[in-house]
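Remarks on the structure that follows.
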Amino acid sequence: MSETSRVHAPGRVNLIGEHTDYTGGLVFPMAIDRGTTLTYTATDDSVELTSGDVAGRVNFPVPFTGSAADETPDWGAYVAAMAGELGAPTGLRGHLVSDIPAGAGLSSSAALECAVGLALGFDGTSLELAQAAQRAEHAATGVPTGIMDQLSIAAGVAGHATLIDCHSLEVTPHLIPDDIDIVVKFIVHRRLVGSAYADRVAECERAEVDIGPLRLASPDDVARVTDPIAQRRARHVIAENRRVMKFATELAAGNYVAAGQIMVDGHASLRDDFDTSTDQMDAAVGALNALPGVFGTRMTGGGFGGCIVAICAPGAVTDGWVVKPSAGAHHVA
Ligand code: GLA
């Protein structure tokens, strides 16, 4: 009988640096103490998975050569795409347990891809795991997402957020101080499939035709973007890259009021220039910002719904999840 093994992949929350990854910009996410655990035994010829949280049973032969997007149930698409990406010659029989809700902007799909990758025997670097998982995400959904989710989950460091340069793919851990709470509040389900996410990617590309790579552009370049919509998208991305560096500096210096204000500014930019917020998300952000002890709140993740994240004095917010910066995807002894 083959042995039972276990892998765990965390979810992630992005503190600042939204919609910058697919133009090679800067992001500041952290892996969190909520995630997906896969308990499994190795098998020769198929992947069979059940889940404690979502319905259905995944079952496909390996090596997987089919069309991942057609797998059922829905979540099977991510599993099959990862098996296909890795060209996994052997399979597994296992069970998933997760406390990251799907459609919350906390990267449940990236956690699933990374967990499945490790369980199928992937043994490269965390960057290589993230890149395979990003390709799997594209194959499963057709949405042209960036590298942030998979890389922050693969390369997470306990106690730290990760500043990621999405052009050089350099990951720099930044200590999260222990005298603040990071609170995540789930507001409403959303889906990136069928959303305006792909439009935003195209609009940024349009801006780059006029002014070159947004990651190298300065605020003065924005006026040279001819299309008014692409101009607003560029203004967000260029300012957001600068906010990431400023946020990292203020956080490290213990200037939480200043760091919080950067999150507030980042949300306003997503709302006004990037058009990825909604009235419901704006209201939720406003309500949290009004609480005593809250330094700053913003929507986190791809947008159009999902979660908001706040930094605050310990205990200031009680109706959310206080999340802790956690290690990346790993085998559990
Ligand atoms: C989703 C994508 C990421 C990133 C964010 C927005 O989470 O998967 O690549 O683009 O949206 O910052």
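The values are calculated or read from the model by the stated rules, or taken from the named source; none is laboratory data. What you see is a predicted model, and the numbers here were worked out from it, not measured in a lab. Virtual Cβ from ideal backbone geometry, glycine too; neighbours counted across all protein chains shown. Heads up: the accessible areas ignore ligands, DNA and RNA and are worked out on the full protein's heavy atoms, side chains in. Shrake-Rupley method; radii C 1.70, N 1.55, O 1.52, S 1.80 Å.
At a probe radius of 1.4 Å, what is the per-residue accessible area of His138, in Å² to the nearest 10?
70 Å²
Spelling out what I want: for every residue of the range 318-333, take phi, set θ = phi - 60°, compute 6.51 cos²θ - 1.76 cosθ + 1.60 (Karplus), and round to whole Hz; glycine and proline get x.
Karplus-based 3J(HN,Hα) across the range 318-333 equals 10, 9, x, 9, 7, 9, 10, x, 10, 5, x, 4, 7, 6, 9, 5 Hz.
What value, in deg cm²/dmol to 500, does the helix sum -39500 (n - 2.57) over DSSP H runs of n ≥ 4 give at 222 nm once divided by the residues of the chain? Provide the component values of the computation, followed by the final result.
On the way: 8 runs with 114 residues, N = 333.
Rounded to the nearest 500, the figure is -11000 deg cm²/dmol.
Nearest 10 degrees, 0 to 90: what angle lies between the long axis of helix 126-141 and the longest principal axis of the chain (Cα atoms)?
Rounded to the nearest ten degrees, it is 90.
Give me the net charge for the shell around Val13: Cβ to Cβ below 14 angstrom, other residues only, Lys and Arg +1, Asp and Glu -1.
Net of charged neighbours comes to 0.
Compute the relative contact order of the range 38-193 as a whole-number percentage, counting only Cα pairs closer than 8 Å that sit 6 or more residues apart in sequence.
Result for the range 38-193 is 21 percent.
Sum up the charges of everything whose Cβ sits under 15 Å from the Cβ of Val322, counting Lys and Arg as +1 and Asp and Glu as -1, but leave Val322 out.
Net charge around Val322: -3.
So who's got an amide H within less than 5 Å of the one on Lys324, skipping anything under 5 residues away but keeping other chains? H placed 1.01 Å off N, in plane.
Asp33
Over all directions, the average projected area of the alpha-carbon convex hull for the chain comes to how many nm²?
That works out to 16.2 nm², a quarter of the Cα hull's surface.
I want to check the label-to-label distance for Ala69 and Asp199. Put each point 7 Å from Cα in the C-beta direction and report it in nm to one decimal.
Simple spin-label model gives 1.9 nm for this pair.
Considering amide H positions built from the backbone, and no H for Pro or chain starts, which residues 5 or more places from Leu163, or on another chain, come under 5 Å of its amide H?
For Leu163, whose amide H was placed from the backbone, the distant partners under 5 Å are Thr172, His174.
What is the set of long-range amide H partners of Phe64 at a cut-off below 5 Å, with H atoms built 1.01 Å from backbone N?
It is Ala88, by chain and number.
Lys and Arg at +1, Asp and Glu at -1: add these up for the other residues within a Cβ distance under 14 Å of Gly212 and post the number.
Residues near Gly212 contribute -2 overall.
When ligands, DNA and RNA are left out and all protein chains stay put, how many square angstrom of accessible area per residue does the chain have with a 1.4 Å probe?
Ligands and nucleic acids excluded, the figure is 40 Å² per residue.
How high is the relative contact order of the chain, given as a whole-number percent (alpha carbon pairs under 8 Å, six or more residues apart)?
RCO, the chain: 24 percent.
Given the C-alpha centroids of the range 13-76 and the range 170-193, what is the distance between them in whole angstrom?
So the separation of the two Cα centres works out to 19 Å.
In whole Hz, what ³J(HN,Hα) sequence does the range 3-19 give by Karplus (6.51, -1.76, 1.60; θ = phi - 60°), x for Gly and Pro?
Using θ = phi - 60°, the values come out as 6, 8, 10, 8, 10, 9, 10, x, x, 9, 10, 8, 7, 6, x, 9, 6 Hz.
Can you work out ³J(HN,Hα) from phi for every residue in the range 182-191, in order, using Karplus 6.51 cos²θ - 1.76 cosθ + 1.60 and θ = phi - 60°, giving whole Hz and x for Gly and Pro?
10, 10, 10, 10, 7, 9, 7, 4, 8, 10
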